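So the structure is just underneath, and the comments pick up after that.
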Amino acid sequence: MSIQTLEQFISAQQMQFPQAKGDFTRLLQAISLAAKIVHREVNKAGLADILGKQGETNVQGEEQQKLDVFADNHFMDALRKVGECCYLASEEHEEGKDLTQQKQYAVGKYMVYFDPLDGSSNIDSNVSVGTIFSIYRRVSTADGMEDRDFEQSGRSQVAAGYVIYGSSTMLVYSTGKGVNGFTLDPSIGEFCLSHPQLQIPEDGRTYSVNESNYNQFSQAIKNYLQFCKEIDPKTKRPYSSRYIGSLVADFHRNMIQGGLFLYPDTYSYPNGKLRLMYECNPLAFIAEQAGGRASTGTMPILDVMPTELHQRVPLIIGSKNMVELVEQYIREFSKAEPTF
Ligand code: P6P
């Protein structure tokens, strides 16, 4: 099978869907460039002195690994210079950046939310990490951004994707016409189509959750986890437990093999730990485009109306039938709860 690079794929898509104009191409190319630069540093992190704590803490109160800062700088730089964006928001910054007020570069119509290096606490142990991005088109037309630009649920994303820096580096994204995966060939410096039209299997045999939080989960979630552990050869249970502690790596495994990832609300994180705008929404967009499902437990992630940049939501995502079963457990248990 002949090699098809990301650029060739985008050009072919443009011929097929001419209404999607070229500006989107440049945006994806900017993301691809930054991903290649981060790939290079992630792959030599063990060698350079780039490891270790930056010593500063980010808005999440987490010590910033130097690679976090490096990745954030390069994605910010590539997205600012491509001249297609009007707003950029990163996990590493308390506030988003309104580019309409900075005339240093051309300003476009795309709003990009991203987590530059998710799972970075795993870098020192050489565990896969990832970048996650979510793209909207602004709805206002005046010079500056308006409130309604930020009042868009995840269902309004025009594209979303992630990069996983693992045994190989892959870029997986969707523009609403299915999900395609591209593997970086470092010998030619190109992302090459390796996983066309990815589909999440409707069922899976693995569940991914931080079991140390078990005592903090709702009874419905505890009941579901017990279901996963029951012995029933007919339904191929007990399922296998797989938890890497790096969202992109856990999610990508489920994209390929099928399975379920859960980060429910806990005592420590009453609204869940994961961030709506740059972790849950983009992965939910990908999951739904690949035939999977993503839920807070009571509603689709993509229907959650954002209220602030770093808001957290509970996340249950992966194989359609597995997510629906968790939602059923939550419905039934809430019905069973005594109403006073
Ligand atoms: P816990 C990494 O810090 C992260 O944001 C995600 O990549 C990962 O899924 C989650 O947190 C792990 O959280 O509480 O299980 O360590």
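The values are calculated or read from the model by the stated rules, or taken from the named source; none is laboratory data. Note that the structure is a prediction, hence the values are computed from the model and not measured. Cβ sites come from the backbone with ideal geometry, for glycine too, and all protein chains shown count toward neighbours. For the accessible areas, the whole protein counts, side chains as well, though only heavy atoms, and no ligand, DNA or RNA atoms are used. Shrake-Rupley method; radii C 1.70, N 1.55, O 1.52, S 1.80 Å.
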If amide hydrogens are placed 1.01 Å from N in the peptide plane, which non-local residues have theirs closer than 5 Å to the one on Phe191? Leu6, Asp185
Keeping the other protein chains in place, figure out the carbon and sulfur percent of the accessible area of the chain, with a 1.4 Å probe. 50 percent
Provide the FRET efficiency to the nearest 0.05 for the Lys177-Glu332 pair, computing r from the beta carbons and using R0 = 41 Å. 0.70
HN-Hα J in Hz across the range 300-316 - Karplus 6.51, -1.76, 1.60, θ = phi - 60°, x for Gly and Pro: x, 3, 5, 9, 6, 7, x, 10, 7, 4, 9, 5, 9, 9, x, 10, 10
Regression test value, accessible area per residue of the chain, probe 1.4 Å, units Å², expected 45 Å²
Close Lys-Lys pairs in the range 218-340, where close means Cα under 24 Å and separation is 8 or more or interchain: 11
Scan around Leu117 for amide H atoms under 5 Å from its own, H built in the peptide plane at 1.01 Å from N, and keep only partners 5 or more places away or cross-chain. none
Can you figure out the FRET efficiency of Asp77 with His310, using R₀ = 25 Å and their beta-carbon distance, to the nearest 0.05? 0.70
Mind checking Rg over Rh on the chain, alpha carbons, Kirkwood formula for Rh? 0.97
Keeping to pairs on different chains or 8 or more places apart, tell me how many lysine pairs in the range 6-198 have Cα atoms under 19 Å apart. 13
Long-range HN-HN contacts of Ala159 with modeled amide H, under 5 Å: Ile135
Can you give me the distance in nm between label points at Glu230 and Ser268, each placed 7 Å from the Cα along the Cα-to-Cβ direction? 3.0 nm
